[in-house]
């Protein structure tokens, strides 16, 4: 199997990240009144609205199975395209089934200042949850190119990157299903797992006004996903 470079892109910055110390959530779930997309994977195949990139993902026993092909050079990406907007709530259930990590990623195909339009994302392993501002952090084009070429980053860039992610220790049973909720309002992201507030993260890139994709990115093989939902604010 070829090495999957992009997994390193997502996970390497953990050594730089700083956790936010907020102890209580500040974003109201009432902010999100419009269901934009939802899927309980009850059909016998993936809804045609799911885009696929380097993916062998499928539906099995009523859940999405995220699968990176054995010969892939990039993690499996399954994408829902939405009307461009800023504030979103994403919720899903997940279970580790071989892969050690997955990401929920937000993109804007027309944002050219970051690699592949990456705006922000949440990376999850059984032991850590990390929130990233990719637009002004690891996916900023000059930073991403330097890291791809294995060039040493300036000290000022290294220090800046410490402010562009927020890492939180969690303890998930990989044999059980878990539920995650991610809320973005303006430049703040808040995450919850199994009803517990994990943390908040504030960074300028999160406020990007035209997020038009939400991706499920599976590190390797396999992740199980169910009850996936995207909500926006009223009036959109």
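The values are calculated or read from the model by the stated rules, or taken from the named source; none is laboratory data. As the structure is a computational prediction, the values presented were derived from the model and not from experiment. We place every Cβ from the backbone using ideal geometry, glycine too, and count neighbours over all the protein chains shown.
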Legend entry - Residue in the range 67-78 that is surrounded by the fewest Cβ atoms within 10 Å (Cβ to Cβ), counting only those that are touching a strand residue (DSSP E or B) at 6+ places or on another chain (Cβ under 7 Å) and farther than 30 Å from residue 204 by Cβ: 67
Inset, instruction - From the list 102, 41, pick out the single residue that is on the phi > 0 side of the Ramachandran plot and in contact with a strand residue (DSSP E or B) (Cβ under 6 Å, 6 or more places away or on another chain). - result: 41
Legend entry - Some residue of the range 131-139 being at pLDDT 95 or above, assigned to a strand (DSSP E or B) and in contact with a helix residue (DSSP H, G or I) (Cβ under 6 Å, 6 or more places away or on another chain): yes
Inset, instruction - Please state which of the following conditions residue 143 fails to meet, knowing it meets all the rest: (1) touching a residue at least 24 places away in the same chain (Cβ under 8 Å); (2) touching a helix residue (DSSP H, G or I) at 6+ places or on another chain (Cβ under 8 Å). - result: (1)
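Do we have any residue at all in the range 213-234 that's touching a residue at least 24 places away in the same chain (Cβ under 8 Å), more than 22 Å from residue 80 (Cα to Cα) and in a strand (DSSP E or B)?
No, the conditions are met nowhere in the range 213-234.
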Legend entry - Lone unmet requirement of (1) out of contact with any strand residue (DSSP E or B) (no Cβ under 6 Å at 6 or more places or on another chain); (2) surrounded by fewer than 20 Cβ atoms within 10 Å (Cβ to Cβ); (3) at pLDDT 95 or above for residue 177: (1)
Legend entry - Hits in the range 142-172 - residues which are within 19 Å of residue 99 (Cβ to Cβ) and surrounded by 11 or more Cβ atoms within 10 Å (Cβ to Cβ): 170, 172
Inset, instruction - Among the numbered conditions (1) touching a residue at least 40 places away in the same chain (Cβ under 8 Å); (2) under 27 Å from residue 141 (Cα atoms); (3) buried (at least 18 other Cβ atoms within 10 Å of the Cβ); (4) in contact with a strand residue (DSSP E or B) (Cβ under 7 Å, 6 or more places away or on another chain), tell me where residue 81 comes up short. - result: (3)
Legend entry - Test for residue 81: is it within 17 Å of residue 214 (Cβ to Cβ), at pLDDT below 95 and within 17 Å of the chain's Cα centre (by Cα): no
